[in-house]
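The values are calculated or read from the model by the stated rules, or taken from the named source; none is laboratory data. A quick note: this is a predicted structure, and the numbers were derived from the prediction, not measured. Note that we place each Cβ from the backbone using ideal geometry, even for glycine, and neighbour counts take in every protein chain shown. Side chains included, ligands, DNA and RNA excluded: accessible areas come from the protein's heavy atoms. Shrake-Rupley method; radii C 1.70, N 1.55, O 1.52, S 1.80 Å.
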Amino acid sequence: MRYSQMLIRTAKEVPAEAEVISHQLLLRAGCIRKLTSGLYTYLPLGLAALKKMEAIVREEMNRAGAQELLMPMVQPADLWEESGRWTQYGPELLRFQDRHNRDYCLGPTHEEVITDIARRELHSYRQLPVNLYQIQTKFRDEIRPRFGLMRGREFLMKDAYSFDVSDEAASQSYQTMHNAYTRIFQRCGLEFRAVEADSGSIGGSFSHEFMVLAETGEDTLVTCRECEYAANVEKAKVVLPDTASKTVPATELNDCTKVETPGTKTVDRVAEFLQVTAKDVIKTMIYLADDEPVAVLVRGDREVQSVKLKKLLDANEVELAENDTAWKLTKLPVGYIGPVNIPIKMVADQEVMTMINAVAGANEKGHHLTGVNPGRDFSPAAVGDLRQITEMDCCPVCKGSLELTEGIEVGHIFKLGTKYSEAMHAVYQDQEGKEQTMVMGCYGIGISRVVAAAIEQNHDENGIIFPLPLAPFQVIILNLGIKNDETCAATEKLYQDLRGAGLDVLLDDRDERPGSKFKDADLIGIPYRITVGKTWEKEGKVEVRTRRDGSTSLLAYEQAASTIATMVQDELAALNQ
Ligand code: 9G3
């Protein structure tokens, strides 16, 4: 492709609305343009990168034995009524009517549609296992689309669905996808982790997320330094230290006593006032679980992990109640709320139940209780692992030390079980001719999000550093002597030779100053840059520069095409092991 003819308009200024680097650089490099909130046009450069990712995904899904199909984006409401999800989802599911006043939604995912296909097309155990996938636009009406392609309302997803005769067969399909995903993200040249994850409302029992490591990632994952354990913090299991299980003789339990503690609405204030530490205080927070107030107890120096809370309460939504809401709903004095004789449902993190002679709110303004002992003075409706894991906790598998890092979720695979096949009667005949329900799995990759995540992980102050497998072009040739016919002829031949070697090449043939050509080449992040200018005129040499580490080498013009083709092919081959 010739730069002078391509629709690429780079920009120096950082767009105000872009809050994360990938959004800024995708706009500045002329890869995307915003149509409206959460909706983006992929300009040719951005589309080329998207297509590279799509090709890698398609190749590995096919290699894993999956079959590609394409479902409609518009979905009839009745399938969602069969699965029970038509009413389960709120405004994030964009619903509308057609001219006959029939209800539809824009597909945010396709469990219902694919299960309808399965129940019509699959009838015998001999046809299973089968894995069907598509690469297609999804729509989720996010309330606040942000971060460009990272959280758009319309995005490109590969979604796959597996159908098996049994749970153990489904585990095999799951493992096949886990392996395929590992290959996909290795081939993209991205640093990633597969982590145990919460399955959320999709149903099913088991899931893994594939995270691209980047400090701007919205997700936090915990990994063990000693073993392979890795989990999203929403799921990571907190194990209590052995000391926690010790029981103390009743004589050591103080009496539960009310004390005046004026002006101590926070854990730190009451700890200071009573000369104890936050570890001695029971923190009582009011959450709304599906709009029901619930008191949640954690040790004073801990944080609640809301996804763990949601799971323990089996709630659709949980959120921390604002102070005035808490007061209105419970008539309890915020800052002095505690577990003893609390008039609402109460659940506790497991660690709270090991506390002895703790401090807690007295449910009376300006007062706290000391000598509070769980079990004797209060009994929660439920106890579980509710708190945010920390680097001070030990690995739940090997007791090793843990590390917390940020990540961007780019893939998520689920053991779905029979949630949809049961609801929609997707059954097959087994060897004995008996009707059995198919066991499903579903597997997603946010293809457009991977492009953004790749930039979050690979950029510098000069712009994007595309990993070679995702780069819109592998090589950019800068013609610095466009007034010189010989130089133009030399760049033209180099361009044709490299394309002849199967490379994706961008020829910068613009009548621009060398400086702006260098800046643009860095900004759009093309992995290899070849300069044809004075050095070629004088010594017949061209300079090739690697974008990632800035290393350069001078090549005799005659060897340039074959040498660079080999560099590119060797780098790609190294990632395809
Ligand atoms: C909805 C809306 C948003 C949603 C869903 C449904 C997420 C929904 C979970 C999944 C699970 C997997 C197949 C590919 C991989 C992910 N957001 N999920 O089901 F109606 Cl509005 O999509 N689906």
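When segment 468-518 is limited to residues that are of a type in the set (S, T, Y) and within 40 Å of the chain's Cα centre (by Cα), the one that is farthest from I530 (Cα to Cα) turns out to be S516. The numbered conditions (1) within 16 Å of I445 (Cα to Cα); (2) in contact (Cβ under 8 Å) with a residue 12 or more places away in the chain; (3) outside any loop (DSSP other than H, G, I, E, B); (4) not small (G, A, S) are all true for N62 except (2). Among the numbered conditions (1) open to solvent by 40 Å² or more (accessible area, probe 1.4 Å); (2) more than 13 Å from the ligand (Cβ to nearest atom), the only one that L149 does not meet is (1). Selection within segment 132-145: residues that are of a type in the set (A, V, I, L, M, F, W, C) and open to solvent by less than 30 Å² (accessible area, probe 1.4 Å). The member of this set that is nearest to A55 (Cα to Cα) is I135.
Condition check: in contact (Cβ under 8 Å) with a residue 24 or more places away in the chain, in a strand (DSSP E or B) and more than 16 Å from the ligand (Cβ to nearest atom). Does T220 satisfy that? If you could, list the steps in order and put the result at the bottom.
On the way: in contact (Cβ under 8 Å) with a residue 24 or more places away in the chain: yes; in a strand (DSSP E or B): yes; more than 16 Å from the ligand (Cβ to nearest atom): yes.
Considered against the rule, which asks whether it is in contact (Cβ under 8 Å) with a residue 24 or more places away in the chain, in a strand (DSSP E or B) and more than 16 Å from the ligand (Cβ to nearest atom), T220 comes out as yes.
Please find, within segment 197-217, the residue that is most open to solvent (accessible area, probe 1.4 Å) out of those that are within 16 Å of the ligand (Cβ to nearest atom) and of a type outside the set (G, A, S). The residue in question is F206.
How about segment 464-481: which of its residues are in contact with a Ser or Thr (Cβ under 9 Å, 6 or more places away or on another chain) and farther than 15 Å from L498 by Cβ?
Selection gives I464, L480, G481.
Report yes if some residue within segment 368-381 is small (G, A, S) and closer than 19 Å to D242 by Cβ; otherwise report no. No, segment 368-381 contains no residue that is small (G, A, S) and closer than 19 Å to D242 by Cβ.
When you go through (1) open to solvent by 40 Å² or more (accessible area, probe 1.4 Å); (2) within 13 Å of the ligand (Cβ to nearest atom); (3) not assigned by TED's automatic domain parsing to the domain that holds S421 one by one for N101, which number turns out not to apply? All conditions pass for N101, except number (2).
When you check P129 against the structure, is it away from the ligand (no atom under 16 Å from the Cβ), open to solvent by 30 Å² or more (accessible area, probe 1.4 Å), in contact (Cβ under 8 Å) with a residue 24 or more places away in the chain and within 30 Å of L468 (Cα to Cα), yes or no?
On the way: away from the ligand (no atom under 16 Å from the Cβ): yes; open to solvent by 30 Å² or more (accessible area, probe 1.4 Å): yes; in contact (Cβ under 8 Å) with a residue 24 or more places away in the chain: yes; within 30 Å of L468 (Cα to Cα): no.
Against the criterion (away from the ligand (no atom under 16 Å from the Cβ), open to solvent by 30 Å² or more (accessible area, probe 1.4 Å), in contact (Cβ under 8 Å) with a residue 24 or more places away in the chain and within 30 Å of L468 (Cα to Cα)), P129 does not qualify.
Scanning segment 553-577 for residues that are surrounded by fewer than 16 Cβ atoms within 10 Å (Cβ to Cβ) and charged (D, E, K, R) yields E558, D570.
Per-residue answers, yes or no, for (1) surrounded by 18 or more Cβ atoms within 10 Å (Cβ to Cβ); (2) touching a residue at least 60 places away in the same chain (Cβ under 8 Å); (3) under 30 Å from the mean Cα position of the chain (by Cα):
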residue	(1), (2), (3)
I286	yes, no, yes
E303	no, yes, yes
T325	no, no, no
K328	no, no, no
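E543 passes every criterion in (1) closer than 25 Å to K158 by Cα; (2) touching a Leu at 6+ places or on another chain (Cβ under 8 Å); (3) outside any helix (DSSP H, G or I) apart from (1). Would you be able to say whether some residue in segment 171-184 is within 11 Å of the ligand (Cβ to nearest atom) and within 21 Å of V410 (Cα to Cα)? Yes; the residues of segment 171-184 include at least one that is within 11 Å of the ligand (Cβ to nearest atom) and within 21 Å of V410 (Cα to Cα). So which of G30, G46 ends up being in contact with a strand residue (DSSP E or B) (Cβ under 6 Å, 6 or more places away or on another chain) and away from the ligand (no atom under 15 Å from the Cβ)? Just one listed residue meets the conditions, G46. Here E226 does not qualify as charged (D, E, K, R), more than 16 Å from the ligand (Cβ to nearest atom) and either buried (at least 21 other Cβ atoms within 10 Å of the Cβ) or outside any loop (DSSP other than H, G, I, E, B) (or both).
I'd like to check something: does segment 516-529 contain any residue that is over 16 Å from T10 (Cα atoms) and touching a Pro at 6+ places or on another chain (Cβ under 7 Å)? Walk me through how you get there before you give the answer.
From segment 516-529, those over 16 Å from T10 (Cα atoms) are 527-529; that's our starting set.
Those still in the list that are touching a Pro at 6+ places or on another chain (Cβ under 7 Å) too: none.
Checking segment 516-529: not a single residue is over 16 Å from T10 (Cα atoms) and touching a Pro at 6+ places or on another chain (Cβ under 7 Å).
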